[in-house]
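Q: Structure below; questions to follow.
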Amino acid sequence: MDIFDSEYFKSKYLANNLDTVYIPIEKIYPNPNQPRKIFDEERIRSLSESIKKYGLIQPIAIVDDMSGRYMIIAGERRYRASIMAGLKEMPAIIIHSDMQGIDEMSLIENVQREDLNIIEEAMAYKGIIDKYDKTQKEVSDIVGKSRSYIANTMRLLNLPDFCKQKLESGEISGGHGLAILQLDDEDIQNMFASKIIDTGMSVREAEKFSKYIKEANKEKKKKDKDIFVRDLEERLGDFLDAKVSIQLHSKKGSLTIDFLDEDDLNRIAEEIIGGKL
């Protein structure tokens, strides 16, 4: 889908019909805030050959920076291929917008064309949210994707650098990344990413394996816990009729008591306040 077909774009920026104009290519420059950072050079070369034969049919979208030059909003790949093809001018539609609109349109174009890798996409969503104080719901409306998709995509930014590099290269998918996030140790996350790549593990298999590792680690921590601490957990649990967990650290610790609902919480509180071990 082209950006000019986007309902959000048409309703917000195409109130009037805009004509295609031809702009000298030396007066056009890329958007420095373009969310897409990695370009497929082979695809650009292929597009360049097509442009040499048939010309550039589809216009790019640009904005007048009021200095006699024009910044690209949508169509940087076509711009690069046109330079490679030796074009002297390009067909373009000049959009009148503020910086927020420019960033939104650039994001729409890249997401709709699926030109961004998943980490670039996540960073673009985060950038819009942070820069313009948007909510995830507002971003979902802009790009036409669900709020949960936006949230899960942004969660991938919490992965360690090694895993993010594998997402950027396409060696693992966003679904794999979410499975890796189920584990909370960075070294284990990196090893898991390598295992996914080496074995060709599917997302479903990765989710199952992640769950298995998580449960195994819980069981190991439970077994590694001091026998006297485990005994105290059991005695407290029996006394309160609730699950009790004690975590000891170097100089301090924590005591966690699970309860089912507000009534159960009140019952446990009565036991602690009025009962005796």
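Q: Just checking, which of Lys88, Lys137 is of a type in the set (D, E, K, R) and in contact (Cβ under 8 Å) with a residue 40 or more places away in the chain?
A: So the residue among Lys88, Lys137 that is of a type in the set (D, E, K, R) and in contact (Cβ under 8 Å) with a residue 40 or more places away in the chain is Lys88.
Q: Can you find, within the range 53-63, the residue that is nearest to Ser106 (Cα to Cα) among those that are of a type outside the set (Val, Ile, Thr) and surrounded by fewer than 14 Cβ atoms within 10 Å (Cβ to Cβ)?
A: Gln58
Q: A follow-up question, please. Would you confirm whether any residue within the range 90-103 is within 12 Å of the chain's Cα centre (by Cα), of a type outside the set (Gly, Ala, Ser), at pLDDT below 95 and within 24 Å of Pro30 (Cβ to Cβ)? Steps first, please.
A: Here is the first cut: in the range 90-103, the ones within 12 Å of the chain's Cα centre (by Cα) are none.
Taking every residue of the range 90-103 in turn, none turns out to be within 12 Å of the chain's Cα centre (by Cα), of a type outside the set (Gly, Ala, Ser), at pLDDT below 95 and within 24 Å of Pro30 (Cβ to Cβ).
Q: While we're here: Testing Glu41 on (1) at pLDDT below 80; (2) under 25 Å from the mean Cα position of the chain (by Cα), one condition comes back false. Which one is that?
A: (1)
Q: Follow-up question, since we're still on this one. Anything in the range 141-161 that is assigned to a loop (DSSP other than H, G, I, E, B), small (Gly, Ala, Ser) and without any contact (Cβ under 8 Å) to a residue 40 or more places away in the chain? List them, or say none. Walk me through it before giving the result.
A: Taking the range 141-161 as the starting set, the residues that turn out to be assigned to a loop (DSSP other than H, G, I, E, B) are 144-146, 159-160.
In the following step, the residues that additionally are small (Gly, Ala, Ser) were identified as 144, 146.
Residue satisfying the conditions is Ser146 alone.
Q: Quick test for you: out of Ile72, Ile62, pick the one residue that is closer than 28 Å to Leu157 by Cβ, assigned to a strand (DSSP E or B) and of a type outside the set (Phe, Trp, Tyr).
A: Within the list Ile72, Ile62, the selection yields Ile72.
Q: Give me the pairs: first residue in the range 187-215 and farther than 20 Å from Lys164 by Cα and not assigned by TED's automatic domain parsing to the domain that holds Lys166, second residue among the charged types (D, E, K, R) and surrounded by fewer than 16 Cβ atoms within 10 Å (Cβ to Cβ), beta-carbon distance under 7 Å, and six or more apart or on different chains, which are they?
A: Filtered contacts from the range 187-215: no entries.
Q: Need the failing condition index for Ile94 against (1) of a type in the set (Val, Ile, Thr); (2) assigned by TED's automatic domain parsing to the domain that holds Asn31; (3) without any contact (Cβ under 8 Å) to a residue 12 or more places away in the chain, just the number.
A: (3)
Q: Sticking with this one: Would you pick out the residues in the range 21-38 that are modelled with pLDDT under 85 and exposed (fewer than 13 other Cβ atoms within 10 Å of the Cβ)?
A: Listed by number, the residues that qualify are Pro32, Lys37, Ile38.
Q: For the range 133-140, state whether one or more residues are acidic (Asp, Glu), out of contact with any Gly (no Cβ under 9 Å at 6 or more places or on another chain), part of a helix (DSSP H, G or I) and under 25 Å from Phe39 (Cα atoms).
A: Checked against the condition, which is being acidic (Asp, Glu), out of contact with any Gly (no Cβ under 9 Å at 6 or more places or on another chain), part of a helix (DSSP H, G or I) and under 25 Å from Phe39 (Cα atoms), the range 133-140 yields no hits at all.
Q: Return the residues of the range 20-38 that are hydroxyl-bearing (Ser, Thr, Tyr) and under 28 Å from Asn117 (Cα atoms); say none if nothing qualifies.
A: Tyr29 - this is the single residue of the range 20-38 that is hydroxyl-bearing (Ser, Thr, Tyr) and under 28 Å from Asn117 (Cα atoms).
Q: If only one of Ala206, Ala193, Ala242 is among the small types (Gly, Ala, Ser), closer than 22 Å to Ile38 by Cα, modelled with pLDDT of 85 or more and buried (at least 16 other Cβ atoms within 10 Å of the Cβ), which one is it?
A: From the options Ala206, Ala193, Ala242, the qualifying one is Ala193.
The values are calculated or read from the model by the stated rules, or taken from the named source; none is laboratory data. No experiment lies behind these values; they were computed from the predicted model shown. Don't worry about glycine lacking a Cβ; one is built from the backbone with ideal geometry, like all the others, and counts go over all protein chains shown.
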